[in-house]
1. Say we look at the stretch 16-50 and pick out the residues that are of a type in the set (Lys, Arg) and surrounded by 14 or more Cβ atoms within 10 Å (Cβ to Cβ); which of these is nearest to Leu79 (Cα to Cα)?
2. For the condition at pLDDT 90 or above and within 13 Å of the chain's Cα centre (by Cα), what is the one hit in Leu96, Leu90?
3. Could you check Ser104 against (1) within 14 Å of the chain's Cα centre (by Cα); (2) at pLDDT below 85; (3) closer than 17 Å to His8 by Cα and say which number it fails?
4. Would the stretch 28-51 turn up any residue that is touching a strand residue (DSSP E or B) at 6+ places or on another chain (Cβ under 8 Å), closer than 16 Å to Ser9 by Cβ and among the basic types (Lys, Arg)?
5. Tally up the residues in the stretch 26-53 that are polar (S, T, N, Q) and part of a helix (DSSP H, G or I), please.
Amino acid sequence: MTAPISLHSVQLDFKSKNVSFIADIEFEQFDAFAESFAASIDSRIIQRHWGADRHQWLLEFEGCFFTLNYEFYADVCWLHVEHENDWETLEYLASLISKVNHVSPRSNASEH
């Protein structure tokens, strides 16, 4: 069973093709957070990359590929769509993330 995740805000951004969120994340425990996050949106983990201050995981959701990123020093986490054609799927994931975590999504998606 995966650990629960706690998100405080969700922001959908068409221009940068991502969904950013503020969450309770500890860098050393990112694996547990990311595995729970991936399970909460029913996605599959394809690859895991990390460095001194950053994690970047490739996820697959219904044939679409996304990167889950976390930067320690900026304390920022975001889900980035790999292909612009998958924007609608990212919008759906933003609503799913918000629903699962009981937060209201904010958006600047009017540009598409």
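1. First pass over the stretch 16-50, keeping only residues of a type in the set (Lys, Arg): 17, 44, 48.
Next, only the ones that are surrounded by 14 or more Cβ atoms within 10 Å (Cβ to Cβ) stay: 17, 48.
Values: Lys17: 9, Arg48: 14 Å.
Per the stated criteria, the residue is Lys17.
2. Details: Leu96 fails: at pLDDT 90 or above.
Residue meeting the stated conditions: Leu90.
3. (1)
4. Checking the stretch 28-51: not a single residue is touching a strand residue (DSSP E or B) at 6+ places or on another chain (Cβ under 8 Å), closer than 16 Å to Ser9 by Cβ and among the basic types (Lys, Arg).
5. At the first step, the residues of the stretch 26-53 found to be polar (S, T, N, Q) are 29, 36, 40, 43, 47.
Narrowing the set further to residues that are part of a helix (DSSP H, G or I) leaves 29, 36, 40.
The total comes to 3.
The values are calculated or read from the model by the stated rules, or taken from the named source; none is laboratory data. In this text the structure is predicted, and so the values were computed from the model without any measurement. As a convention, Cβ positions derive from the backbone with ideal geometry for all residues, glycine included, and neighbour counts pool all protein chains shown.
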